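Structure record follows, encoded as structure tokens.
The values are calculated or read from the model by the stated rules, or taken from the named source; none is laboratory data. Bear in mind that the values here come from a model prediction, so they are computed numbers and not experimental data. Here the Cβ positions follow ideal geometry from the backbone for every residue, glycine too, while neighbour counts run over all protein chains shown.
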Amino acid sequence: MSFDYDLIVIGGGSGGVRAARMAASYGAKVVVVEEYRVGGTCVIRGCVPKKLYVYASRFKDQFDVASSFGWQVDASFDWPTLVAAKEKEITRLEHAYTSNLQKPGVEIVKDRARLTGPNSVQIIGQNRELTARYILVATGGHPFIPDIPGAELAITSNEAFDLPALPHSILIEGGGYIAVEFATIFAGLGVNTTIVYRGDRLLRGFDEDMRIGLEAGLEERGIRLIYGSTITALSHAGDDISATFSNGVTAPYGAVMFATGRTPNTQGLGLEEAGVKLAGNGAIVVDAYSQSSVPSIYAVGDVTGRVALTPVAIREGWYFAETLFNNNRQAVDYGLIPTAVFSEPELGVIGLSETEAAGKCDIDVYLTRFRPMINTLSSRTERMIIKLITEKDEGKVLGCHILGPGAGEMIQLVAIPMGMNATKADFDRAMAVHPSAAEELVTFKAPSYRYRKGEKIGG
Ligand code: NDP
């Protein structure tokens, strides 16, 4: 049977673009169908603009400590300048992504697509059908919005980047990556910021010491934390929005933002009609090679509900192309994924938390808390926290957790030895870089405490 293309990719985000580029570089005839801007969530309204805004917000801390080094800074901030500069940069990246697709010969169709069968896709706006040997769904996800009265008054991370003006105050609901990162952005830019979270501490699932340290860092920056509560209704209150909480209390805010997770983009794609199996949360069910229940249809990235991180989507897209177009069957290893929360303080994590590790085997825990050198001349008391968790017998490093300046950069490098099954002795063999925060990783002497048969000893 002949097809128009070897591969149709629906969605021009991180996973789809990587898969399309790689497949084309292996000689496949590829088309990417994207209804919005090439680059996807990460480039257009996710990681990239977020990190730019994180940089913008961090000047506040830097100005605060500058006087301890003899600088006098008279600073003011202009939101429209940041929004315009961000827009210029993501437009540049969008063009770069587009030309990176075009170089190996990938065709781009700017339209919405819908599956009409295992090998066919309707291009809705142009009302034409394309066929391909394989179809890759890489449509990402969108913010989940709780179903409460007045929910339409709130923003999500989609809108936060392009607000016409900074609000005087903001209430952010959620306790995950987006809530924490945007709270530090807004607070750093001078917005009176509150987080409301249904749980008892932010970043559920992360190492407890990091969660406690992060909480203290947020509070030190004036962010108010409300735990054990949710927003049950929103309504207009003059120029503000009045939020009602689950305990019945109401309070006005300049803006309200939901950061309550993300939902896979599988609605209206014709997936069910094409026979593609979906999980309860709407994600496409795939095997280790990203193949769906329909053999010719694959899916990568957030739409599969596996691990919603850009580098993971990119790896899935790459291995999809290896498997199908380079005769090199590859499955992504999800075992050891480093991750960073670009909050202030910043958090970098890889491997098991203390609780997870102690539940698996006997472990030694190396823990240090210290004032980052940048703060030592000022009155700031905030501590940086570094924790290394090792297995008792061989000393294999099972987890590394870093809270403080540069944590994201450091954890990327720790991922290399950990991926090679490094032990504490391997870390110790490395010569320290002095003075640095990272040298703590290679200069731990005795464990701070241990776990034997799940029981904590010492510490
Ligand atoms: P997360 O899953 O990280 O957090 C969602 C938060 O919303 C949780 O605290 C959750 O509570 C809470 N929540 C969920 N449903 C409700 C509800 N109905 N009412 C009240 N609270 C609710 O999602 P995010 O939106 O923060 O981010 C989405 C994903 O994007 C992340 O998981 C991450 O994979 C990725 N991301 C990565 C970043 C990075 O690498 N730096 C940055 C931003 C996003 P509970 O804890 O109780 O479940």
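Quick notes on this structure:
A quick yes/no check of all residues on (1) surrounded by fewer than 19 Cβ atoms within 10 Å (Cβ to Cβ); (2) in contact with a strand residue (DSSP E or B) (Cβ under 6 Å, 6 or more places away or on another chain):
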| residue | (1), (2) |
| --- | --- |
| Val32 | no, yes |
| Val38 | no, no |
| Gly46 | no, no |
| Lys50 | no, no |
| Gln62 | yes, no |
| Ala75 | yes, no |
| Ala85 | yes, no |
| Glu89 | yes, no |
| Gln102 | yes, no |
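- On the stretch given as segment 227-249, residues that are under 25 Å from Leu189 (Cα atoms), away from the ligand (no atom under 12 Å from the Cβ) and not in a loop (DSSP other than H, G, I, E, B) total 7.
- Condition check for Met431: aliphatic (A, V, I, L, M), at pLDDT 95 or above and assigned to a helix (DSSP H, G or I): no
- Verdict on Ser379 being part of a loop (DSSP other than H, G, I, E, B), under 26 Å from Thr339 (Cβ atoms) and not aliphatic (A, V, I, L, M): no
- Whichever residue in segment 348-399 is within 28 Å of the chain's Cα centre (by Cα) and among the acidic types (Asp, Glu) and, among such residues, is nearest to Gly213 (Cα to Cα): Glu382
- Of the residues in segment 117-131, not one is within 16 Å of the ligand (Cβ to nearest atom), of a type outside the set (Lys, Arg), assigned to a strand (DSSP E or B) and at pLDDT 95 or above.
Residue by residue, here is whether (1) touching a Ser or Thr at 6+ places or on another chain (Cβ under 8 Å); (2) more than 24 Å from Asn158 (Cα to Cα) holds:
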{"site": "Gly15", "(1), (2)": "no, no"}
{"site": "Arg18", "(1), (2)": "no, no"}
{"site": "Cys42", "(1), (2)": "yes, no"}
{"site": "Cys47", "(1), (2)": "yes, no"}
{"site": "Asp64", "(1), (2)": "yes, yes"}
{"site": "Val73", "(1), (2)": "yes, yes"}
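- Whenever a residue of segment 168-188 is within 18 Å of Arg204 (Cβ to Cβ) and within 11 Å of the ligand (Cβ to nearest atom), its partners that are β-branched (Val, Ile, Thr) and assigned to a helix (DSSP H, G or I), lying with C-beta atoms within less than 9 angstrom and at least six residues away or across chains, give the pairs Ile172/Ile178; Ile172/Val180; Gly174/Val180; Glu181/Val54.
- Scan segment 333-366 for residues that are away from the ligand (no atom under 14 Å from the Cβ) and touching a Ser or Thr at 6+ places or on another chain (Cβ under 8 Å) and the total you get is 4.
- Which listed residue is at pLDDT 95 or above, assigned to a loop (DSSP other than H, G, I, E, B) and closer than 30 Å to Asp362 by Cα, from Ile350, Ile337: Ile337
- Segment 13-26: number of residues that are part of a loop (DSSP other than H, G, I, E, B) and in contact with a Phe, Trp or Tyr (Cβ under 7 Å, 6 or more places away or on another chain): 1
- Selection within segment 287-315 - in contact (Cβ under 8 Å) with a residue 24 or more places away in the chain, small (Gly, Ala, Ser), more than 13 Å from the ligand (Cβ to nearest atom) and assigned to a loop (DSSP other than H, G, I, E, B): Ala288, Ser290, Ser292, Ser296
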